[in-house]
Amino acid sequence: MNLLVIGGGGREHAIIKALRKHHPDAQIYALPGNGGIAADAVCVPSIGAKDISAQVEFALAHQVDYAIVAPDDPLALGAVDALTAAGIPCFGPDAKAAVIESSKAFSKDLMKKYNIPTARYETFTELEKAHAYLDTCSIPVVVKADGLALGKGVIIAQTLEEAKEAVRSMMEDKIFGDSGNCVVIEEFLTGPEVSVLSFTDGKTVVPMVSSMDHKRVGSGDVGPNTGGMGTIAPNPYYTDEIAQICMDTIFRPTIDAMAQEGRPFRGCLYFGLMLTPDGPKVIEYNCRFGDPETQVVLPLLKSDLLQIMQATTNGTLAETPVEFSDDSACCVVLASNGYPLSYEKGYPITMSEAAAACTYVAGAVSKDGQLLTSGGRVLGVTATAATLPDAIREAYALAEQVHFDNKYCRDDIGKKALAALEGKK
Ligand code: AMP
Ligand code: GLY
């Protein structure tokens, strides 16, 4: 069997390792992949994640049986549409459904229309109107660029002046490019955050084990936002009772709303939730697996990932087993010191065999058989264990067995979750 994975980060590495678990003999291609993924798949560095026509050509030439489009950009650009049109079944939403992530204005309007709980908001394309509205808002207030901005298009303004400046810099200075032509101004919510990834075939929705990301670069949640410095699963704030509320008020209504709008969503729909004093609310939708959430969620999946993915394409998810282990998982991201601002790269990476088995590589190239750092987030190390404290301990022990110059990681991944668990006792 020939499989194709589009993308080249830690998430894609985790997907490939999960596919391998039940399909050890499959031929897996990664476009472009990376130096670390090359240990588990045939990587083609010359075909980028956004190179859709080259991807289709490659898939046809290599008789790909099933393709998985993992990152947001190719999904928004219609990679699934193009592959499907060429006769290659694939995992992921088409461009019409991917808009749930690529336009915050779309997703906010969808939630308003279908009564799905989210922060109150207004959408603006004119600076004066946005500024006039801000005069009526309570502070802090949240300003978001409408389009994709690599997770950085969100500013939580602590003063009215800061909020006005944020809107101005997005609309006039275009700090997020065209993503800032339209801005969303929304109410500031409080409460623990939970990530829930789900499989859906457009009719049935099956949530995966919940997780918690750690977005700030520094221990204790300080410093700038990053792509994610580590994750744990399951998220102890996400109780069975809350899960049921989310299913009834958020997950099912979202899947039904997308179908109703003529944009049935197939693939992985990621719900970024905040558990507010007024109940769970949607902070954001992503039209794809989260990174680094995937690095803790998929290692806990017991069922055959490929079979589930194919069921989302074929509309047979209701009849397909999706089973997760009761264990816990912790992923610690090892980054280049200085990330997300400036950092050095090109340092050799070495690691023990035990660490290599649980490593998902994000930013590394292979040169003459040696792995070298090439990105801000270099790799993630995931441990699974019967309890969360054991998973955290084990992940940090494995992280010690990975070596490269300027290695940096947070020292408190999972700490908040442990405190929540203590609180429950
Ligand atoms: P987003 O890119 O929409 O996920 O936002 C990034 C981060 O900003 C989220 O993970 C939250 O921590 C924070 N955030 C976004 N929207 C709000 C909001 N309405 N209230 C409070 N925090 C928010
Ligand atoms: N970890 C958040 C994301 O993938 O967008």
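So which GluC sites (Glu not before Pro) in the range 292-346 end up in coil per DSSP with only 10 or fewer other C-beta atoms within 10 Å? Walk me through the intermediate numbers first.
Working: sites: Glu293, Glu319, Glu323, Glu344; in loops: Glu293, Glu323, Glu344.
Qualifying residues, ordered by number: Glu323.
Compute the label zone of Lys415 within the range 204-230: residues whose backbone N is under 20 Å from the point 7 Å along Cα-to-Cβ.
212-230
Amide H to amide H, which residues 5 or more places from Ile68 or on other chains are under 5 Å from it, using H placed in the peptide plane?
Under 5 Å from the amide H of Ile68: Leu4, Val5, Ile6, Phe91.
Got a number for the accessible area of Tyr237? Probe 1.4 Å, square angstrom, nearest 10.
Accessible area of Tyr237: about 70 Å².
Over the range 32-95, calculate the relative contact order: mean separation of alpha carbon pairs under 8 Å at least 6 apart, over the residue count, as a percent.
Working: 75 pairs, mean separation 18.0, N = 64.
It rounds to 28 percent for the range 32-95.
Taking Rh as the Kirkwood radius computed over C-alpha pairs, what is the Stokes-Einstein D of the range 1-75 at 25 °C in a medium of viscosity 0.890 mPa s, expressed in µm² per second?
Numbers: Rh = 11.9 Å.
Rounded to a whole number, D works out at 206 µm²/s.
Rolling a 1.4 angstrom probe over the protein heavy atoms, how many square angstrom per residue are accessible across the range 233-302? Write out the running numbers ahead of the final one.
On the way: 2350 Å² over 70 residues.
Each residue of the range 233-302 exposes 34 Å² on average to a 1.4 Å probe.
What translational D, rounded to a whole number of µm²/s, comes out for the range 378-425 from Stokes-Einstein when the hydrodynamic radius is the Kirkwood one over Cα pairs, at 20 °C and 1.002 mPa s?
Values: Rh = 11.9 Å.
Calculated translational D: 180 µm²/s.
Give me the one-decimal nm value for the distance between modelled label points at Lys113 and Ala354, 7 Å along each residue's Cα-to-Cβ direction.
About 5.4 nm, to one decimal.
Roughly speaking, what is the centre-to-centre gap between the range 75-125 and the range 139-195 when only Cα atoms are used, to the nearest Å?
Each part reduced to its Cα centre gives a spacing of 19 Å.
Anyone know which of Leu83, Leu160, Leu334 comes out most mobile in the 10 Å Cα GNM of the chain?
Residue with maximal mean-square fluctuation among Leu83, Leu160, Leu334: Leu160.
Report the dimensions of the chain along its three principal axes from the alpha-carbon atoms, largest first, rounded to Å.
59, 47, 46
Which percentage, to the nearest 5, of the DSSP beta bridges contained in the chain is antiparallel?
Numbers: 61 of 76 bridges.
Of the beta bridges lying entirely in the chain, close to 80 percent run antiparallel.
Measuring from label point to label point, each 7 Å out along Cα→Cβ, what is the Asp368 to Ala85 span in nm?
4.6 nm
So with the 1.4 Å probe, I'd like the accessible area per residue for the range 309-424, rounded to whole Å². Write down the numbers at each step before the final one.
Working: 5540 Å² over 116 residues.
Spelled out: the 1.4 Å probe surface of the range 309-424, per residue, equals 48 Å².
In Å², and per residue, what accessible area does the range 69-150 have when probed at 1.4 Å with the other protein chains present?
Working: 3420 Å² over 82 residues.
Here the residues of the range 69-150 average 42 Å² of exposed surface.
At a 1.4 Å probe, what is the % contribution of carbon and sulfur to the accessible area of the range 247-321?
Details: 1020 of 2360 Å².
That share works out to 43 percent.
The values are calculated or read from the model by the stated rules, or taken from the named source; none is laboratory data. What you see is a predicted model; the values in this text were computed from it and never measured. Every residue, glycine among them, receives a Cβ derived from its backbone with ideal geometry; neighbour counts consider all protein chains shown. Ligands, DNA and RNA are stripped out before the accessible areas are found, and what is left, the full protein with its side chains, is counted by its heavy atoms. Shrake-Rupley method; radii C 1.70, N 1.55, O 1.52, S 1.80 Å.
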